[in-house]
Amino acid sequence: MSSTPFERETLLLDTDENGISILTINRPEKLNALNGQVLSDLNDALHHIEESNDIRLLIITGSGEKAFVAGADIKELSTLDRQSGEETSSAGQNLFNRIETFPKPVIALVNGYALGGGAELAMACHIRTGTANAVFGLPEVSLGLIPGYGGTQRLPQLVGKGKAMEMILSGAQIKADEAKQLGLLNDIFDHSEAIEETKKLSGKILKNSPSAISSAISAVNAGYRTNGFAKEAVLFGQLCETDDFKEGTSAFLEKRKAKFTGN
Ligand code: CO8
């Protein structure tokens, strides 16, 4: 089976003879940060993958040695106001919900930083494998924000409410070993073997009935729906109007420490 004809500048899609596709987010110079173009291309890719008879399982990873995805693009974020903030958050939530409910298995191969929107993308996938340099964190509070792509809902589901609170309120980063202990990563592989090992895991899934697999994804998800997504988007939008948001995003872009006032 040859690679599928889907082509976008921000994404690479490569499908093998077993129907396993690797979708690589391809902005390595910005640590694969999710700008509007990447999100729009991701949506197109999901459509293509869902329709394709050749693709049976999707692995999402990041380009380069350093990052899975280092978050939403902070330069773009810095221009948001209350309304566009809430809308952008809702649109991203819809995209990530689409991944969570995707009828074919989706595995995140976390090959470096998975911060903010990157951690949220990984958490929307059905399974996460990682490399030893994987790093998870939700650093939004350090920008005067909260997670806006479903992180306030999915992190407690994966690691429990207390640890999720600690991670979201502190913005602290955790390394691969701790992520595995917490259940954020199912397995950690050497960098050079991570794709092959993740494909081996994929093979164990793909020997089973495709309709049973789709139904299993749907049934597991049915127990985890929350009403918190809308609240997350509203609060995200509200924070986009604060001085702390302007200070937090400016400080990152100017490569300095933020000085928050609570306004
Ligand atoms: N957005 C934009 N650019 C980024 C981002 C990002 N999230 N992360 C890294 N970059 C850029 C850097 O600015 C730098 O660009 P340049 O070379 O032009 O200066 C380049 O990528 C390389 O990054 P660094 O030089 O900073 O690399 P380091 O190895 O020194 O540091 C880190 C790596 C620790 C990952 C660091 O880059 C970092 O802290 N990045 C930001 C992480 C972050 O805060 N992510 C959360 C963003 S907020 C978010 O994701 C919200 C999601 C919900 C949104 C909902 C609605 C919109």
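The values are calculated or read from the model by the stated rules, or taken from the named source; none is laboratory data. What you are looking at is a predicted structure, and each value in this text was computed from that prediction instead of being measured. As a convention, Cβ positions derive from the backbone with ideal geometry for all residues, glycine included, and neighbour counts pool all protein chains shown.
Within segment 169-198, restricting attention to residues that are more than 17 Å from A122 (Cα to Cα) and touching a residue at least 40 places away in the same chain (Cβ under 8 Å), which residue is surrounded by the fewest Cβ atoms within 10 Å (Cβ to Cβ)?
Per the stated criteria, the residue is D190.
Looking at D81, D54, D73, which is the one that is free of Cβ contacts under 8 Å to residues at least 60 places away in the same chain, among the charged types (D, E, K, R) and farther than 23 Å from S21 by Cβ?
Within the list D81, D54, D73, the selection yields D73.
When you check G237 against the structure, is it within 30 Å of E86 (Cβ to Cβ), at pLDDT 95 or above and in contact with an Asp or Glu (Cβ under 6 Å, 6 or more places away or on another chain), yes or no?
yes
Give the residue that is nearest to L184 (Cα to Cα), with candidates limited to residues of segment 66-110 that are of a type outside the set (A, V, I, L, M, F, W, C) and in contact with a Cys (Cβ under 6 Å, 6 or more places away or on another chain). Break it down into steps so the answer makes sense when it comes.
Going residue by residue through segment 66-110, those that are of a type outside the set (A, V, I, L, M, F, W, C) are 66, 71, 73, 75-76, 78-79, 81-90, 92-94, 97-98, 100-101, 103-105.
Then keep just the ones that are in contact with a Cys (Cβ under 6 Å, 6 or more places away or on another chain); that gives 81-82, 85.
Values: D81: 32, R82: 31, G85: 27 Å.
Only one residue fits best here, namely G85.
Within segment 150-157, does at least one residue satisfy the condition of being surrounded by 18 or more Cβ atoms within 10 Å (Cβ to Cβ) and over 19 Å from A70 (Cα atoms)? Before you say what the answer is, go through the steps one by one.
Here is the first cut: in segment 150-157, the residues surrounded by 18 or more Cβ atoms within 10 Å (Cβ to Cβ) are 150-156.
Going one step further and asking which of them are over 19 Å from A70 (Cα atoms), we end up with 153, 156.
Checked against the condition, which is being surrounded by 18 or more Cβ atoms within 10 Å (Cβ to Cβ) and over 19 Å from A70 (Cα atoms), segment 150-157 yields at least one hit.
Among the residues of segment 236-245, which ones are under 24 Å from the mean Cα position of the chain (by Cα) and surrounded by fewer than 17 Cβ atoms within 10 Å (Cβ to Cβ)?
Answer for segment 236-245, where residues must be under 24 Å from the mean Cα position of the chain (by Cα) and surrounded by fewer than 17 Cβ atoms within 10 Å (Cβ to Cβ): just Q238.
Are there helices (runs of 4 or more DSSP H) fully within segment 73-185 with at least 3 residues that are near the ligand (Cβ under 10 Å from one of its atoms) and either more than 16 Å from the chain's Cα centre (by Cα) or of a type in the set (F, W, Y) (or both)? List them.
The qualifying helices (runs of 4 or more DSSP H) are 74-77, 82-100.
Out of all the residues in segment 1-58, which are surrounded by 14 or more Cβ atoms within 10 Å (Cβ to Cβ), farther than 24 Å from S90 by Cβ and within 16 Å of the ligand (Cβ to nearest atom)?
Hits for segment 1-58 are N26, P28, L31.
Can you report the number of residues in segment 209-229 which are touching a residue at least 60 places away in the same chain (Cβ under 8 Å), surrounded by fewer than 18 Cβ atoms within 10 Å (Cβ to Cβ) and either outside any helix (DSSP H, G or I) or within 16 Å of the ligand (Cβ to nearest atom) (or both)?
Residues meeting the conditions: 3.
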